[in-house]
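The structure appears below as structure tokens.
The values are calculated or read from the model by the stated rules, or taken from the named source; none is laboratory data. As the structure is a prediction and not an experimental result, all values here were calculated from the model. Glycine also receives a Cβ, built like all others from the backbone with ideal geometry; neighbour counts cover every protein chain displayed.
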Amino acid sequence: MTALHILLERDATPDRLAHAWSSSGSFALLPDRLPISRSAIDAALRLIPPDWHRDHYVLLTSGSTGHPKFVLGSKDRTMALADVLHRVQVLEDVREAVVALPLMYSYAFVNQFIWSLRFGRGLRLTPRLADPMALVGALSKARDAMLCLTGAQVPMLLRAAADMTFPGVTRLNFAGGRFPQELLPTLSERFPHAAIFNNYGCAEALPRLTCRPAAAASESADIGWPLPGVELRSAGDSSLEFRSPFGAVGLIEAGTFRLVEPTDWLPTGDLGVPGDAGRWRLLGRRGEVFKRYGEKVSIAALLASVLQAWPGEAAFHLEHDRSGEIAHVLTIAPIPTREEARAILGALRLGYPRAAWPVRIVGAAALPRLPNGKVDLAALPNLGDGIEVWKQHL
Amino acid sequence: MDNRSRLQTLFEDILLLTDGEFRFDLRREDVATWDSLAVVAIATGVEETFGYHMSEEEAVGIQSVPDLMRLLEVRGISFAE
């Protein structure tokens with residue numbers, strides 16, 4: 001057994017979470033479906049030195065490597081981040097947080113649960129997109145509310161909402177993936193009184209590194225400015241690294257506990273470069289920027305271009321072509337007409353050399369999704385209902 | 001679909017031509033997307049569509065749609081209207 005109190009997601013009611021947070025002992029908030037055995041969890045948590053058995057908490061994340069990683073946070077640091085978010089997201093007039101994500105995600109945990117606790121605001125839980133109509137109902141009843149979403153949730157939410165608008169939502173935050181910049185006009189229509197923010201971070205940052213008003217940029221790759229106290233740097237291969245006074249104080253991965261020193265630079269798992277006037281720009285995830293036939297290919301940039309020409313869903317996965325070159329396959333949903341596919345291809349032709357075009361385009365009724373709403377990239381190569389709508393013959 | 005339509009679709013797909021951009025007298029210098037990788041794609045596409053495997057010299061020598069039609073017609077693949 002570990003000395004830490006373990007709270008599983010199904011038991012993590014706001015009251016229990018608040019109790020765990022306000023008590024002096026450290027606790028771990030874990031998903032119901034553990035990716036590793038309970039004994040492995042206990043063994044990992046036992047690696048945390050006694051000094052961190054008070055006033056800290058642990059979240060479990062897949063991290064940038066795709067392997068389970070425990071992230072040890074400081075309650076004081078996270079409260080300080082809630083203060084910063086309150087200022088940069090201008091939350092003083094917000095009365096409640098409508099929760100559409102699991103509270104065990106660091107994004108919802110900090111930006112909604114801890115914020116509501118810190119500032120004495122309401123917390124309205126919803127069945128999330130497991131019951132889209134219930135979420136729509138909660139949004140329609142919201143008053144002066146903050147909603148936190150991932151970009152992947154937007155198509156499902158818009159479908160469920162039909163032509164409804166949500167004037168009671170006054171702050172709309174995005175994080176946890178690509179910001180759907182191309183949907184900003186639609187979002188502004190549906191949330192007519194909402195200030196919309198694109199937030200960026202990672203689990204190891206617990207979780208926030210940058211924030212920008214959505215309208216302050218025209219492309220999703222622009223992640224805006226670092227939060228006060230946060231430092232970013234682009235390493236030699238454009239790996240985006242950070243130091244943050246709010247970030248994790250320790251990491252447990254592959255059976256090892258690592259203390260994060262204030263001077264340590266941590267990888268975000270993304271590639272990024274500085275932009276104009278102190279802003280930062282993402283190039284893509286590590287592994288999603290590669291050379292193909294000598295041309296640099298950025299999956300993030302391609303996806304942004306595709307979504308300018310295609311109103312549905314889109315995702316890429318990687319494979320190798322006949323020449324052994326790394327190649328990218330575009331899967332879109334729903335299945336496009338030939339004209340729609342040609343519109344996507346026309347956008348690619350205008351903006352990119354042939355090597356950057358996908359090796360083929362597959363149409364599907366819907367993209368496979370993980371429980372958190374993100375596209376299940378591992379399932380893309382084997383879609384049962386996938387139809388090849390175009391290929392490069394390479 | 002006849003061979004002319006199949007050839008048109010093949011070029012439209014490989015060169016990402018827009019409607020009306022394909023012509024049966026199209027030449028390589030007419031379209032920027034007819035690059036060196038397109039040469040490889042045309043050779044592969046011809047084999048998949050018409051069953052003829054071009055040699056490297058033949059593939060590199062194709063400088064226009066009429067060049068390709070002549071090459072294939074010699075192999076018995078007709079593009080008669």
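Do we have any residue at all in the range A:343-351 that's out of contact with any helix residue (DSSP H, G or I) (no Cβ under 9 Å at 6 or more places or on another chain), basic (Lys, Arg) and at pLDDT 90 or above?
There is no residue in the range A:343-351 that is out of contact with any helix residue (DSSP H, G or I) (no Cβ under 9 Å at 6 or more places or on another chain), basic (Lys, Arg) and at pLDDT 90 or above.
Output the number of the condition that B:GLU47 fails; it satisfies all remaining conditions of (1) charged (D, E, K, R); (2) within 24 Å of A:ALA356 (Cβ to Cβ); (3) within 12 Å of chain A (Cβ to nearest Cβ).
(2)
Among the numbered criteria (1) over 16 Å from A:TRP390 (Cα atoms); (2) in contact (Cβ under 8 Å) with a residue 24 or more places away in the chain; (3) under 10 Å from the mean Cα position of the chain (by Cα), which one does B:VAL39 miss?
Looking at each condition in turn, B:VAL39 falls short on (2).
Only one of (1) surrounded by fewer than 21 Cβ atoms within 10 Å (Cβ to Cβ); (2) of a type outside the set (Val, Ile, Thr); (3) more than 10 Å from chain B (Cβ to nearest Cβ) is not met by A:LEU302, so which one is it?
Of everything listed in (1) surrounded by fewer than 21 Cβ atoms within 10 Å (Cβ to Cβ); (2) of a type outside the set (Val, Ile, Thr); (3) more than 10 Å from chain B (Cβ to nearest Cβ), A:LEU302 misses just condition (1).
Out of B:LEU72, B:LEU68, B:LEU37, which single residue is within 14 Å of another protein chain (Cβ to nearest Cβ) and either modelled with pLDDT of 95 or more or surrounded by fewer than 20 Cβ atoms within 10 Å (Cβ to Cβ) (or both)?
B:LEU68
Take residues that are without any contact (Cβ under 8 Å) to a residue 40 or more places away in the chain and tell me which of the strands (runs of 3 or more DSSP E) falling wholly in the range A:53-161 contain 1 or more.
Once the strands (runs of 3 or more DSSP E) in the range A:53-161 are filtered for at least 1 residues that are without any contact (Cβ under 8 Å) to a residue 40 or more places away in the chain, what remains is A:56-61, A:122-125.
Quick check: is even one residue across the range A:136-158 of a type in the set (Asp, Glu), within 25 Å of A:ALA216 (Cβ to Cβ) and either surrounded by 22 or more Cβ atoms within 10 Å (Cβ to Cβ) or out of contact with any Cys (no Cβ under 9 Å at 6 or more places or on another chain) (or both)?
yes
For the range A:177-197, indicate whether the set of residues that are touching a Pro at 6+ places or on another chain (Cβ under 8 Å), assigned by TED's automatic domain parsing to the domain that holds A:ALA215 and among the β-branched types (Val, Ile, Thr) is non-empty.
There is at least one residue in the range A:177-197 that is touching a Pro at 6+ places or on another chain (Cβ under 8 Å), assigned by TED's automatic domain parsing to the domain that holds A:ALA215 and among the β-branched types (Val, Ile, Thr).
Which one of the conditions (1) over 28 Å from B:VAL39 (Cβ atoms); (2) within 14 Å of another protein chain (Cβ to nearest Cβ); (3) of a type in the set (Val, Ile, Thr) does A:VAL375 fail to meet, given that it meets all the rest?
It fails just one condition, (2).
Among the residues of the range A:347-365, count how many are more than 19 Å from A:PRO311 (Cα to Cα) and at the interface with chain B (Cβ under 7 Å from one of its Cβ atoms).
2
Of all the residues that make up the range A:195-216, how many are in contact (Cβ under 8 Å) with a residue 40 or more places away in the chain, among the hydrophobic types (A, V, I, L, M, F, W, C) and in contact with a Leu (Cβ under 6 Å, 6 or more places away or on another chain)?
1
If A:GLU339 meets every condition in (1) within 14 Å of another protein chain (Cβ to nearest Cβ); (2) touching a helix residue (DSSP H, G or I) at 6+ places or on another chain (Cβ under 9 Å) apart from one, which number is that one?
Failing condition for A:GLU339: (2).
Please work out which one of (1) surrounded by fewer than 20 Cβ atoms within 10 Å (Cβ to Cβ); (2) in a strand (DSSP E or B); (3) hydrophobic (A, V, I, L, M, F, W, C) is the condition A:PHE197 fails and give its number.
(1)
For the range A:108-115, does any single residue satisfy the condition of being under 30 Å from A:SER24 (Cα atoms), crowded, with 23+ Cβ neighbours inside 10 Å, of a type outside the set (A, V, I, L, M, F, W, C) and in the same structural domain as A:LEU45 (by TED's automatic domain parsing)?
Yes: one or more hits.
Looking at the structure I just gave you, is A:ILE344 within 14 Å of chain B (Cβ to nearest Cβ) and in a strand (DSSP E or B)?
No: the conditions fail for A:ILE344.
Got a sec? Which strands (runs of 3 or more DSSP E) wholly within the range A:237-333 have at least 3 residues that are aliphatic (A, V, I, L, M)?
The strands (runs of 3 or more DSSP E) meeting that bar are A:266-274, A:313-320, A:326-333.
Being in contact with a helix residue (DSSP H, G or I) (Cβ under 8 Å, 6 or more places away or on another chain) and at pLDDT 95 or above is the filter here, so list the residues in the range A:150-174 that pass it.
Passing the criteria: A:MET164, A:THR165, A:PHE166, A:GLY168, A:VAL169, A:LEU172, A:ASN173, A:PHE174.
Only one of these is surrounded by fewer than 18 Cβ atoms within 10 Å (Cβ to Cβ), more than 10 Å from chain B (Cβ to nearest Cβ) and within 26 Å of the chain's Cα centre (by Cα): A:ILE326, A:ILE332. Name it.
A:ILE326
Is at least one residue of the range A:314-322 farther than 28 Å from A:ARG33 by Cα, out of contact with any Leu (no Cβ under 8 Å at 6 or more places or on another chain), charged (D, E, K, R) and more than 10 Å from chain B (Cβ to nearest Cβ)?
There is at least one residue in the range A:314-322 that is farther than 28 Å from A:ARG33 by Cα, out of contact with any Leu (no Cβ under 8 Å at 6 or more places or on another chain), charged (D, E, K, R) and more than 10 Å from chain B (Cβ to nearest Cβ).
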